[in-house]
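Shown next, in structure tokens, is the structure this report addresses.
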Amino acid sequence: MQDGTLLVGDAGGTNVRFALANFMGGRATLSTIWKRPGQDFDTFETALDAYLKETSPEYAGASFGFAGVTGGRHVELLNRGWIVDMAAVKQRLGVDRLVASNDFIAMARSAPELTGDQLRPISVGQPDPEGSLAIGGPGTGFGVGLLRRIADGWVVIGGEGGHQAFTPETEIEWKLAENLRKKLGYVSNEIVTAGAGFDDTRDALFEIMGLKEKPLTQAEVIAAANEGDAMALEFCRLRARAVMTSMGDMALMANATGGVFIAGGVSQRLEPWLKERASLDRFYKRGVRTGLMKPIPLNLIASDAAPLIGSAHLWRDEQTRGWF
């Protein structure tokens, strides 16, 4: 069972993905990834059925990551409106074991397994091979995870760190925070950086910059920033600085000397601005603890396969030690 073919899946706030995973040399390798927009399906089960019908896969077990709280009979995907009955899914698949985790737990677990072009360097360093890792970043929401090495592998610690309070430093960031606070009451990193808060943050930035509001999409903001539009550039830089501040906070909290990994679809689109000096300073400049931060490398997770690879390794962790 441990080394058999696994069906792995990732049901996030935007897309649903499935693939088959096998272990070679201790690492999970994947078949071609089946990826569809979640909005195309009424339920997780209908998406799963579509994959099974199209591919007729053979598998010995299954491991899925969900954008919701796992551990009970049902999993609710808040950003999708799906409620997944895990017992019914297990029966549908005809497997003895079904591992379910939060999707960002799976993303975090993938970090030490990724190689080559699955990662892109943001800032090089000298990682401690025995050190902890911190993973986080914005997509539809803002996920976080911490990894600690133990004798037989890695332990993942998840949480709701994306909902930590946004920390403004520049004048425009203070104005943005005040504008959003009047409207929303509480301003988190997720509101400022992730898709969930995009409209509110975009409109607030138009207002404080004294510009006429435009209903730009996230893709249109990125395109405008690349063309030098002042508002779009500020938006992307503001998001990048907020991401780096949050990741620096995580690195300090976890003493993540093994490295920091930035994840999420929004992060990939912010890559040019994550590398700017003003953003890097938000991560590395930490007063009396700046020296602690200096050796920590920053990498961008650039692969759609990451959470599926993580799900496969969580399966193996659970099979090896009875928990993950």
Point to revise | Kyte-Doolittle at least 0.0, axis length at least 20 Å by Cα - qualifying DSSP helices, the chain | key: 230-254
Practice item. Among Gln91, Tyr59, Asn79, flag the residue with its Cα farthest along the positive direction of the charge dipole of the stretch 6-111, charges on Cβ as +1 for Lys/Arg and -1 for Asp/Glu. Key: Tyr59
Check your understanding: Roughly how big is the chain's charge dipole about its Cα centre, with Cβ charges of +1 (Lys, Arg) and -1 (Asp, Glu), in debye to the nearest 20?
Key -> 600
Revision key, fill the gap. The farthest towards the positive end of the charge dipole of the chain, of the residues Met293, Thr29, Phe198, given +1 on Cβ of Lys and Arg and -1 on Cβ of Asp and Glu, is Met293
Exercise for review: Provide the per-residue ³J(HN,Hα) series for the stretch 114-121, in order, calculated from phi with Karplus coefficients 6.51, -1.76, 1.60 and θ = phi - 60°, each as a whole number of Hz, with x at glycine and proline positions.
Suggested key: 7, 9, x, 7, 6, 10, 10, x
Review point. Of Asn255, Gln39, Ala11, whose Cα points farthest to the positive end of the dipole of the chain (charges on the beta-carbon: +1 Lys, Arg; -1 Asp, Glu; origin at the Cα centre)?
Key: Asn255
Practice item. Grab the chain and count how many Lys pairs have their alpha-carbon atoms under 30 Å apart, sequence gap of 8 or more, or different chains. Key: 18
Check your understanding: What translational D, rounded to a whole number of µm²/s, comes out for the chain from Stokes-Einstein when the hydrodynamic radius is the Kirkwood one over Cα pairs, at 4 °C and 1.567 mPa s?
Key -> 64
Point to revise | Most mobile of Ile150, Ile83, Ile301 in a GNM of the chain (Cα contacts under 10 Å) | key: Ile150
Point to revise | For Leu300, distant residues with modelled amide H under 5 Å away | key: Arg120, Ile122, Ile262
Practice item. Please list the non-local residues whose amide H lies under 5 Å from the amide H of Gly131, H modeled 1.01 Å from N, same-chain partners needing a gap of 5 or more. Key: Gly258
Check your understanding: So who's got an amide H within less than 5 Å of the one on Arg97, skipping anything under 5 residues away but keeping other chains? H placed 1.01 Å off N, in plane.
Key -> Ala62
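Readers should treat all values here as calculations from the given coordinates under stated rules, not as data from a laboratory. No experiment lies behind these values; they were computed from the predicted model shown. Glycine gets a Cβ as well: all are built from the backbone with ideal geometry, and neighbour counts include every protein chain shown.
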